[in-house]
Amino acid sequence: MSETIGATPPMLTPFTLRGMTLINRVVMSPMCMYSADDGAANDFHLVHLGSRAMGGAGLVFTEMTDVERAGRISPGCAGIYKPEHVPAWKRVTNFVHNCTEAKIGVQLGHAGRKAATPEPWNEDSDKNHWEIYAPSPIAFSGNSPMPKEMDRADMDRIRDAFGNAARMAEEAGFDIIELHCGHGYLLSSFISPLTNKREDGYGGSLENRMRFPLEVFEAVRGAFSDNKPISARISAFDWVDGGTTEEDAVEIGRLFKRAGLDILDVSTGNVVPGGRPTLTGLFQTTFSEKIKRKTGIPTMTVGNITGPAEINEVIENGRADLCVVGKGHLYDPYFVRHAAHALDVDGPELPRQYQRAAGFTPSF
(Lines give C-alpha, C1' and ligand atoms only; values in the text may rest on other atoms or scores of the structure.)
Protein backbone atom coordinates (compact mmCIF):
# COMPACT_ATOMS: atom_id res chain seq x y z
CA MET A 1 0.00 0.00 0.00
CA SER A 2 1.24 3.46 -0.80
CA GLU A 3 1.85 6.07 1.88
CA THR A 4 -1.26 7.92 3.02
CA ILE A 5 -1.73 11.66 3.16
CA GLY A 6 -2.82 11.56 6.78
CA ALA A 7 -3.32 8.84 9.36
CA THR A 8 -4.26 5.50 7.87
CA PRO A 9 -7.99 4.87 8.44
CA PRO A 10 -8.87 1.51 9.99
CA MET A 11 -10.42 0.20 6.78
CA LEU A 12 -7.07 0.51 4.98
CA THR A 13 -4.98 -1.31 7.57
CA PRO A 14 -3.65 -4.81 6.76
CA PHE A 15 -4.98 -8.02 8.28
CA THR A 16 -3.35 -11.46 8.43
CA LEU A 17 -4.86 -14.94 8.65
CA ARG A 18 -2.34 -17.81 8.63
CA GLY A 19 -0.03 -17.06 5.67
CA MET A 20 -2.41 -14.65 3.93
CA THR A 21 -2.07 -10.90 4.52
CA LEU A 22 -4.74 -8.59 3.11
CA ILE A 23 -3.79 -5.02 2.21
CA ASN A 24 -7.03 -3.72 3.74
CA ARG A 25 -10.16 -4.77 5.63
CA VAL A 26 -12.66 -4.57 2.74
CA VAL A 27 -13.97 -7.79 1.19
CA MET A 28 -16.15 -8.19 -1.87
CA SER A 29 -18.98 -10.47 -0.81
CA PRO A 30 -19.74 -13.74 -2.59
CA MET A 31 -22.73 -12.99 -4.84
CA CYS A 32 -24.37 -15.38 -7.30
CA MET A 33 -23.98 -14.30 -10.93
CA TYR A 34 -25.86 -17.18 -12.63
CA SER A 35 -23.53 -16.91 -15.65
CA ALA A 36 -21.44 -20.10 -15.69
CA ASP A 37 -21.56 -22.92 -18.25
CA ASP A 38 -22.04 -26.23 -16.41
CA GLY A 39 -20.16 -24.66 -13.52
CA ALA A 40 -17.27 -23.31 -15.59
CA ALA A 41 -16.06 -19.74 -15.01
CA ASN A 42 -15.78 -17.69 -18.19
CA ASP A 43 -14.97 -14.20 -19.47
CA PHE A 44 -17.71 -12.70 -17.32
CA HIS A 45 -16.10 -14.03 -14.13
CA LEU A 46 -12.66 -12.85 -15.20
CA VAL A 47 -13.90 -9.30 -15.72
CA HIS A 48 -16.30 -9.26 -12.76
CA LEU A 49 -13.78 -10.50 -10.20
CA GLY A 50 -10.75 -8.93 -11.82
CA SER A 51 -12.27 -5.46 -11.93
CA ARG A 52 -13.19 -5.54 -8.23
CA ALA A 53 -9.67 -6.69 -7.37
CA MET A 54 -8.25 -3.81 -9.41
CA GLY A 55 -10.77 -1.58 -7.65
CA GLY A 56 -8.89 -1.97 -4.38
CA ALA A 57 -10.70 -4.62 -2.34
CA GLY A 58 -8.31 -6.49 -0.07
CA LEU A 59 -10.12 -9.75 -0.78
CA VAL A 60 -12.60 -10.75 -3.47
CA PHE A 61 -14.73 -13.87 -3.22
CA THR A 62 -16.26 -15.89 -5.99
CA GLU A 63 -19.96 -16.51 -5.84
CA MET A 64 -21.04 -19.71 -4.08
CA THR A 65 -19.18 -22.29 -6.14
CA ASP A 66 -20.85 -25.66 -5.98
CA VAL A 67 -19.05 -28.89 -5.20
CA GLU A 68 -21.25 -31.14 -7.30
CA ARG A 69 -23.51 -30.63 -10.29
CA ALA A 70 -26.65 -31.44 -8.28
CA GLY A 71 -25.64 -28.79 -5.74
CA ARG A 72 -26.15 -25.85 -8.08
CA ILE A 73 -28.91 -23.36 -7.33
CA SER A 74 -29.53 -22.99 -11.05
CA PRO A 75 -28.06 -24.20 -14.35
CA GLY A 76 -26.03 -20.97 -14.48
CA CYS A 77 -24.33 -21.37 -11.11
CA ALA A 78 -20.57 -21.68 -10.78
CA GLY A 79 -18.92 -24.91 -9.76
CA ILE A 80 -15.66 -26.65 -9.05
CA TYR A 81 -16.62 -30.28 -9.50
CA LYS A 82 -14.82 -31.42 -12.65
CA PRO A 83 -11.23 -31.10 -13.90
CA GLU A 84 -12.12 -28.59 -16.62
CA HIS A 85 -13.11 -26.09 -13.93
CA VAL A 86 -9.56 -25.78 -12.60
CA PRO A 87 -7.93 -23.98 -15.56
CA ALA A 88 -11.01 -21.77 -15.93
CA TRP A 89 -10.66 -20.58 -12.32
CA LYS A 90 -6.86 -20.44 -12.55
CA ARG A 91 -7.21 -17.91 -15.35
CA VAL A 92 -9.10 -15.68 -12.90
CA THR A 93 -6.76 -16.17 -9.93
CA ASN A 94 -3.70 -15.59 -12.13
CA PHE A 95 -5.10 -12.24 -13.23
CA VAL A 96 -5.84 -11.18 -9.66
CA HIS A 97 -2.39 -12.19 -8.44
CA ASN A 98 -0.44 -10.82 -11.39
CA CYS A 99 -2.27 -7.52 -11.89
CA THR A 100 -3.51 -6.48 -8.43
CA GLU A 101 -2.61 -6.48 -4.73
CA ALA A 102 -5.80 -8.32 -3.81
CA LYS A 103 -6.28 -11.87 -2.60
CA ILE A 104 -9.00 -14.08 -4.04
CA GLY A 105 -11.14 -16.68 -2.28
CA VAL A 106 -13.61 -19.30 -3.40
CA GLN A 107 -16.84 -19.85 -1.49
CA LEU A 108 -17.60 -23.57 -1.62
CA GLY A 109 -21.17 -24.64 -1.17
CA HIS A 110 -24.05 -26.93 -2.03
CA ALA A 111 -27.54 -25.56 -2.54
CA GLY A 112 -29.30 -28.49 -0.88
CA ARG A 113 -33.06 -27.99 -0.86
CA LYS A 114 -32.64 -24.62 -2.65
CA ALA A 115 -31.18 -26.32 -5.73
CA ALA A 116 -32.78 -26.93 -9.13
CA THR A 117 -34.32 -23.50 -9.65
CA PRO A 118 -34.21 -21.22 -12.72
CA GLU A 119 -31.88 -18.29 -13.11
CA PRO A 120 -33.63 -15.12 -11.85
CA TRP A 121 -34.13 -13.83 -15.40
CA ASN A 122 -35.15 -17.20 -16.86
CA GLU A 123 -38.13 -18.35 -14.84
CA ASP A 124 -39.53 -20.48 -17.67
CA SER A 125 -36.38 -22.56 -17.98
CA ASP A 126 -37.00 -26.29 -18.37
CA LYS A 127 -33.41 -27.26 -17.45
CA ASN A 128 -33.96 -27.27 -13.71
CA HIS A 129 -35.04 -30.83 -13.04
CA TRP A 130 -32.64 -32.92 -11.00
CA GLU A 131 -32.68 -34.80 -7.70
CA ILE A 132 -31.88 -32.57 -4.74
CA TYR A 133 -30.75 -33.35 -1.20
CA ALA A 134 -31.32 -32.08 2.33
CA PRO A 135 -31.01 -33.31 5.92
CA SER A 136 -34.80 -33.70 6.06
CA PRO A 137 -37.46 -34.04 3.35
CA ILE A 138 -38.82 -30.49 3.67
CA ALA A 139 -39.30 -28.40 0.52
CA PHE A 140 -38.04 -24.82 0.66
CA SER A 141 -41.38 -23.43 -0.55
CA GLY A 142 -44.59 -24.48 -2.22
CA ASN A 143 -42.95 -24.03 -5.60
CA SER A 144 -39.78 -25.94 -4.73
CA PRO A 145 -39.07 -29.62 -5.42
CA MET A 146 -39.07 -32.04 -2.50
CA PRO A 147 -35.51 -32.96 -1.46
CA LYS A 148 -34.37 -36.48 -0.71
CA GLU A 149 -33.48 -37.01 2.95
CA MET A 150 -29.77 -37.68 2.90
CA ASP A 151 -28.58 -41.11 3.96
CA ARG A 152 -25.04 -41.99 5.00
CA ALA A 153 -23.96 -42.65 1.41
CA ASP A 154 -25.21 -39.20 0.35
CA MET A 155 -23.42 -37.57 3.26
CA ASP A 156 -20.17 -39.37 2.46
CA ARG A 157 -20.41 -38.43 -1.23
CA ILE A 158 -21.04 -34.75 -0.54
CA ARG A 159 -18.40 -34.54 2.21
CA ASP A 160 -15.89 -36.04 -0.23
CA ALA A 161 -17.07 -33.65 -2.96
CA PHE A 162 -16.20 -30.73 -0.67
CA GLY A 163 -12.77 -32.22 -0.06
CA ASN A 164 -12.22 -32.76 -3.79
CA ALA A 165 -13.35 -29.18 -4.49
CA ALA A 166 -10.82 -27.93 -1.92
CA ARG A 167 -8.04 -29.84 -3.68
CA MET A 168 -9.07 -28.27 -6.99
CA ALA A 169 -9.28 -24.84 -5.32
CA GLU A 170 -5.67 -25.31 -4.21
CA GLU A 171 -4.66 -26.25 -7.74
CA ALA A 172 -6.55 -23.26 -9.13
CA GLY A 173 -4.56 -20.90 -6.90
CA PHE A 174 -7.17 -19.58 -4.47
CA ASP A 175 -5.82 -17.90 -1.33
CA ILE A 176 -8.71 -18.75 1.01
CA ILE A 177 -11.75 -21.02 1.06
CA GLU A 178 -15.07 -20.08 2.59
CA LEU A 179 -17.67 -22.73 3.38
CA HIS A 180 -21.22 -21.54 2.82
CA CYS A 181 -22.99 -22.65 5.99
CA GLY A 182 -25.72 -20.00 5.85
CA HIS A 183 -28.82 -18.82 4.02
CA GLY A 184 -30.63 -22.14 3.95
CA TYR A 185 -28.24 -24.00 1.68
CA LEU A 186 -27.20 -27.55 2.50
CA LEU A 187 -24.80 -27.04 5.41
CA SER A 188 -27.03 -24.30 6.84
CA SER A 189 -30.04 -26.59 6.69
CA PHE A 190 -28.20 -29.10 8.87
CA ILE A 191 -27.51 -26.36 11.43
CA SER A 192 -30.98 -24.82 11.73
CA PRO A 193 -33.65 -26.63 13.77
CA LEU A 194 -36.22 -25.29 11.29
CA THR A 195 -34.83 -27.47 8.54
CA ASN A 196 -33.16 -30.35 10.36
CA LYS A 197 -35.69 -32.79 11.81
CA ARG A 198 -33.44 -35.82 11.76
CA GLU A 199 -33.73 -38.40 14.53
CA ASP A 200 -30.24 -39.84 14.15
CA GLY A 201 -26.93 -38.50 15.45
CA TYR A 202 -27.08 -35.57 13.04
CA GLY A 203 -30.29 -34.06 14.39
CA GLY A 204 -31.67 -32.85 17.69
CA SER A 205 -29.14 -30.88 19.72
CA LEU A 206 -27.05 -28.09 18.22
CA GLU A 207 -23.94 -30.19 18.74
CA ASN A 208 -25.51 -32.98 16.68
CA ARG A 209 -26.74 -30.57 13.99
CA MET A 210 -23.21 -29.22 13.65
CA ARG A 211 -21.66 -32.66 13.13
CA PHE A 212 -21.98 -32.79 9.35
CA PRO A 213 -20.80 -29.21 8.70
CA LEU A 214 -17.78 -29.94 10.92
CA GLU A 215 -17.10 -33.19 9.05
CA VAL A 216 -17.15 -31.18 5.83
CA PHE A 217 -14.82 -28.59 7.35
CA GLU A 218 -12.40 -31.34 8.38
CA ALA A 219 -12.39 -32.71 4.81
CA VAL A 220 -11.74 -29.26 3.36
CA ARG A 221 -9.06 -28.39 5.90
CA GLY A 222 -7.26 -31.64 5.11
CA ALA A 223 -7.25 -30.91 1.37
CA PHE A 224 -6.13 -27.25 1.45
CA SER A 225 -2.66 -25.89 2.18
CA ASP A 226 -2.04 -25.49 5.89
CA ASN A 227 -0.74 -21.95 5.43
CA LYS A 228 -3.99 -20.84 3.80
CA PRO A 229 -7.03 -19.86 5.90
CA ILE A 230 -10.59 -21.15 5.82
CA SER A 231 -13.72 -19.16 6.63
CA ALA A 232 -17.35 -20.15 7.05
CA ARG A 233 -20.41 -18.02 6.42
CA ILE A 234 -23.29 -18.68 8.81
CA SER A 235 -26.79 -17.44 9.41
CA ALA A 236 -26.37 -16.39 13.02
CA PHE A 237 -30.09 -15.77 13.55
CA ASP A 238 -33.02 -17.23 11.64
CA TRP A 239 -35.50 -14.39 12.40
CA VAL A 240 -38.17 -17.07 12.91
CA ASP A 241 -39.48 -18.52 16.17
CA GLY A 242 -37.90 -21.90 16.81
CA GLY A 243 -34.88 -21.14 14.67
CA THR A 244 -31.23 -20.44 15.42
CA THR A 245 -30.74 -17.92 18.24
CA GLU A 246 -27.95 -15.51 19.21
CA GLU A 247 -26.83 -17.97 21.88
CA ASP A 248 -26.72 -20.73 19.26
CA ALA A 249 -24.60 -18.49 17.03
CA VAL A 250 -22.02 -18.03 19.78
CA GLU A 251 -21.84 -21.80 20.25
CA ILE A 252 -21.54 -22.31 16.47
CA GLY A 253 -18.58 -19.93 16.52
CA ARG A 254 -17.07 -21.76 19.47
CA LEU A 255 -17.42 -25.17 17.78
CA PHE A 256 -15.91 -23.91 14.52
CA LYS A 257 -13.03 -22.27 16.36
CA ARG A 258 -12.33 -25.47 18.29
CA ALA A 259 -12.23 -27.34 14.96
CA GLY A 260 -9.63 -24.93 13.60
CA LEU A 261 -11.65 -22.44 11.54
CA ASP A 262 -9.75 -19.18 11.01
CA ILE A 263 -12.56 -16.63 10.66
CA LEU A 264 -16.37 -16.59 10.75
CA ASP A 265 -18.40 -14.65 8.15
CA VAL A 266 -21.53 -13.62 10.05
CA SER A 267 -24.79 -13.11 8.17
CA THR A 268 -28.39 -13.91 9.17
CA GLY A 269 -31.63 -15.32 7.83
CA ASN A 270 -32.74 -16.62 4.43
CA VAL A 271 -33.03 -20.12 5.90
CA VAL A 272 -36.77 -20.21 5.25
CA PRO A 273 -38.85 -18.02 2.90
CA GLY A 274 -39.24 -14.53 4.29
CA GLY A 275 -36.80 -15.34 7.07
CA ARG A 276 -35.08 -11.95 7.28
CA PRO A 277 -36.89 -8.68 7.95
CA THR A 278 -36.13 -5.42 6.17
CA LEU A 279 -33.96 -3.54 8.64
CA THR A 280 -31.83 -0.44 8.40
CA GLY A 281 -28.29 0.22 9.57
CA LEU A 282 -25.69 -2.39 10.37
CA PHE A 283 -28.32 -4.75 11.74
CA GLN A 284 -26.14 -7.86 11.36
CA THR A 285 -22.97 -6.45 12.89
CA THR A 286 -24.28 -6.96 16.42
CA PHE A 287 -24.14 -10.72 15.81
CA SER A 288 -20.57 -10.54 14.51
CA GLU A 289 -19.55 -8.47 17.52
CA LYS A 290 -21.13 -10.81 20.03
CA ILE A 291 -19.54 -13.93 18.51
CA LYS A 292 -16.13 -12.26 18.31
CA ARG A 293 -16.21 -11.02 21.91
CA LYS A 294 -17.54 -14.23 23.45
CA THR A 295 -15.44 -16.76 21.51
CA GLY A 296 -12.34 -14.88 20.36
CA ILE A 297 -12.70 -16.07 16.78
CA PRO A 298 -12.06 -13.35 14.17
CA THR A 299 -15.19 -12.32 12.28
CA MET A 300 -16.40 -10.67 9.12
CA THR A 301 -19.59 -8.63 9.11
CA VAL A 302 -21.88 -8.24 6.12
CA GLY A 303 -25.09 -6.37 5.37
CA ASN A 304 -26.08 -2.74 4.69
CA ILE A 305 -22.49 -1.51 4.65
CA THR A 306 -22.73 1.55 2.43
CA GLY A 307 -19.54 3.55 2.92
CA PRO A 308 -16.18 4.14 4.61
CA ALA A 309 -17.54 5.79 7.77
CA GLU A 310 -19.38 2.59 8.70
CA ILE A 311 -16.41 0.38 7.85
CA ASN A 312 -14.03 2.49 9.93
CA GLU A 313 -16.40 2.48 12.91
CA VAL A 314 -16.75 -1.30 12.80
CA ILE A 315 -13.02 -1.98 12.53
CA GLU A 316 -11.93 0.70 15.00
CA ASN A 317 -14.34 -0.56 17.67
CA GLY A 318 -13.46 -4.21 17.18
CA ARG A 319 -16.95 -5.23 16.11
CA ALA A 320 -15.49 -7.29 13.25
CA ASP A 321 -12.10 -7.79 11.65
CA LEU A 322 -13.26 -7.48 8.04
CA CYS A 323 -16.24 -5.77 6.39
CA VAL A 324 -17.91 -7.59 3.53
CA VAL A 325 -19.48 -5.32 0.91
CA GLY A 326 -21.88 -6.73 -1.67
CA LYS A 327 -24.15 -4.21 -3.37
CA GLY A 328 -21.51 -1.48 -3.02
CA HIS A 329 -19.19 -3.53 -5.21
CA LEU A 330 -21.92 -4.33 -7.71
CA TYR A 331 -22.64 -0.62 -8.05
CA ASP A 332 -19.01 0.47 -8.08
CA PRO A 333 -16.14 -1.91 -8.92
CA TYR A 334 -13.75 0.76 -7.57
CA PHE A 335 -15.59 1.05 -4.24
CA VAL A 336 -12.42 0.99 -2.12
CA ARG A 337 -10.49 3.49 -4.25
CA HIS A 338 -13.42 5.90 -4.22
CA ALA A 339 -13.86 5.41 -0.46
CA ALA A 340 -10.20 6.31 0.07
CA HIS A 341 -10.64 9.41 -2.09
CA ALA A 342 -13.66 10.44 0.01
CA LEU A 343 -11.47 10.10 3.12
CA ASP A 344 -8.74 12.20 1.47
CA VAL A 345 -6.15 9.43 1.78
CA ASP A 346 -4.28 7.34 -0.74
CA GLY A 347 -5.89 4.01 -1.42
CA PRO A 348 -4.17 0.85 -2.62
CA GLU A 349 -1.40 1.51 -5.09
CA LEU A 350 -2.70 1.98 -8.61
CA PRO A 351 -1.74 -0.64 -11.17
CA ARG A 352 1.27 0.60 -13.10
CA GLN A 353 -0.82 0.96 -16.23
CA TYR A 354 -3.02 3.54 -14.44
CA GLN A 355 -0.48 5.42 -12.34
CA ARG A 356 -0.47 8.44 -14.66
CA ALA A 357 -3.97 9.15 -13.26
CA ALA A 358 -2.68 9.53 -9.67
CA GLY A 359 -3.98 12.79 -8.21
CA PHE A 360 -6.57 13.29 -10.91
CA THR A 361 -9.97 14.51 -9.70
CA PRO A 362 -12.90 14.28 -12.13
CA SER A 363 -15.22 17.27 -12.41
CA PHE A 364 -18.56 15.50 -12.85
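The values are calculated or read from the model by the stated rules, or taken from the named source; none is laboratory data. Because the structure is predicted, anything quoted here is derived from the model rather than measured. Here Cβ is always computed from backbone atoms with ideal geometry, including for glycine, and neighbour counts include all displayed protein chains.
Observations on the structure shown:
- Evaluated against (1) in contact with a Ser or Thr (Cβ under 9 Å, 6 or more places away or on another chain); (2) closer than 30 Å to residue 354 by Cβ; (3) touching a residue at least 60 places away in the same chain (Cβ under 8 Å), residue 112 falls short on exactly one condition, (2).
- Within the range 277-308, restricting attention to residues that are in a loop (DSSP other than H, G, I, E, B) and hydroxyl-bearing (Ser, Thr, Tyr), the residue that is farthest from residue 26 (Cα to Cα) is 278.
- All helices (runs of 4 or more DSSP H) inside the range 146-212 with 1 or more residues being farther than 29 Å from residue 229 by Cβ: 152-172
- Residues located in the range 48-91, provided they are touching a His at 6+ places or on another chain (Cβ under 6 Å) and among the β-branched types (Val, Ile, Thr): 67
- The range 100-135 - residue that is under 24 Å from residue 234 (Cβ atoms), modelled with pLDDT of 95 or more and among the β-branched types (Val, Ile, Thr) and, of those, farthest from the chain's Cα centre (by Cα): 132
- Residues that are in contact with a Leu (Cβ under 8 Å, 6 or more places away or on another chain) and in contact (Cβ under 8 Å) with a residue 60 or more places away in the chain, drawn from the range 194-245: 212, 220, 229, 231, 233
- Under the condition of being surrounded by fewer than 24 Cβ atoms within 10 Å (Cβ to Cβ), touching a Ser or Thr at 6+ places or on another chain (Cβ under 9 Å) and either among the β-branched types (Val, Ile, Thr) or closer than 27 Å to residue 158 by Cα (or both), the residues counted in the range 40-70 number 2.
- Checked against (1) modelled with pLDDT of 95 or more; (2) in contact with a Phe, Trp or Tyr (Cβ under 7 Å, 6 or more places away or on another chain); (3) in a loop (DSSP other than H, G, I, E, B), residue 232 passes all but a single condition, namely (3).
- Selection within the range 216-250 - of a type outside the set (Gly, Ala, Ser), closer than 30 Å to residue 103 by Cα and surrounded by 17 or more Cβ atoms within 10 Å (Cβ to Cβ): 216, 217, 220, 221, 224, 228, 229, 230, 233, 234, 237, 250
- If only residues of the range 264-276 that are in contact with a Phe, Trp or Tyr (Cβ under 7 Å, 6 or more places away or on another chain) and outside any loop (DSSP other than H, G, I, E, B) are counted, the one that is surrounded by the most Cβ atoms within 10 Å (Cβ to Cβ) is 266.
Residue by residue, here is whether (1) of a type in the set (Ser, Thr, Tyr); (2) buried (at least 24 other Cβ atoms within 10 Å of the Cβ); (3) closer than 18 Å to residue 202 by Cβ holds:
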residue	(1), (2), (3)
109	no, yes, no
117	yes, no, no
134	no, yes, yes
149	no, no, yes
180	no, yes, no
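- Members of the range 219-245 that are hydrophobic (A, V, I, L, M, F, W, C) and at negative phi: 219, 220, 223, 224, 230, 232, 234, 236, 237, 240
- Taken as a whole, the condition of being more than 24 Å from residue 274 (Cβ to Cβ), charged (D, E, K, R) and in contact (Cβ under 8 Å) with a residue 40 or more places away in the chain does not apply to residue 156.
Let's see how each residue does on (1) without any contact (Cβ under 8 Å) to a residue 24 or more places away in the chain; (2) loosely packed, with under 12 Cβ neighbours inside 10 Å:
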| residue | (1), (2) |
| --- | --- |
| 283 | yes, no |
| 288 | no, no |
| 295 | no, no |
| 298 | no, no |
| 302 | no, no |
| 320 | no, no |
| 329 | no, no |
| 335 | no, no |
| 359 | yes, yes |
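- Scanning the range 251-260 for residues that are hydrophobic (A, V, I, L, M, F, W, C) and buried (at least 22 other Cβ atoms within 10 Å of the Cβ) yields a count of 2.
- Taking the range 6-99 and the strands (runs of 3 or more DSSP E) fully enclosed by it, the elements with 1 or more residues that are within 15 Å of the chain's Cα centre (by Cα) are at 26-28, 59-66.
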